[in-house]
Amino acid sequence: MASFYHALFLPSVFNGLFLAIATKTGIDFSPSGIGLMIFDIFQPLVNEHNVSLFRSVEIMLLLLPWISYVLVVIKFGIKGLVIFGIILLVSYVVFNYFLN
């Protein structure tokens, strides 16, 4: 039986990188963080007619990282989430050390 846990490696390494950059700079460079930055730029242009659409997309961008964790649990189970978390923490420590 082939193991598909190697599919968790790249996403968890990228999450560790984004977390290390956010820790060092205070700026969220993850895909959802970039989307939220773009939405903050356009927030003055939002009028009362499209504020509900604007808020719903903003909430979806906030929930995007948590949805990815739920998808990991659905696809790989709790064992996959533990492996994802361990790789994320190791990559965070490595990137945090080298981003000095």
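Compared with the direct C-alpha span, the chain from PHE29 to TYR69 gains 12.6 nm at full extension, assuming 0.36 nm per residue. Take PHE4: with every protein chain present and a 1.4 Å probe, its accessible area is about 130 Å². Would you please classify the overall shape of the chain from the alpha carbon gyration tensor, given that a ≥ b ≥ c denote the square roots of the eigenvalues, rounded means a/c under 1.5, and beyond that prolate means a/b larger than b/c while oblate covers the rest? Cα axes put the chain in the oblate bin. With respect to the chain, whose longest principal axis is taken over its alpha-carbon atoms, helix 31-42 is tilted by about 10°. Mean residue ellipticity at 222 nm, helices only, the chain: -27500 deg cm²/dmol; runs of at least 4 DSSP H residues each add -39,500 (n - 2.57), and the sum is divided by the number of residues.
Skip the ligands, DNA and RNA, and give the accessible area per residue of the stretch 30-100 with a 1.4 Å probe, whole Å². Please list the in-between numbers first.
Values: 5210 Å² over 71 residues.
About 73 Å² of surface per residue is accessible.
Between the stretch 44-64 and the stretch 1-35, the C-alpha centres lie 25 angstrom from each other. Helix 9-25 against the longest principal axis of the chain: what's the angle in degrees, Cα atoms only, rounded to the nearest 10? Orientation of helix 9-25: about 60 degrees from the principal axis.
If each residue of separation counts as 0.36 nm, what is the full-extension length gain between PHE54 and TYR97 once their alpha-carbon separation is subtracted? Kindly include the intermediate steps, with their values, before the conclusion.
Details: separation 43, 0.36 × 43 = 15.48 nm, distance 3.77 nm.
The span from PHE54 to TYR97 would gain 11.7 nm if fully extended.
The values are calculated or read from the model by the stated rules, or taken from the named source; none is laboratory data. Keep in mind it's a predicted model, so treat the numbers as computed, not measured. In case anyone asks, the SASA skips ligands and DNA or RNA and just uses the protein heavy atoms, side chains included. Shrake-Rupley method; radii C 1.70, N 1.55, O 1.52, S 1.80 Å.
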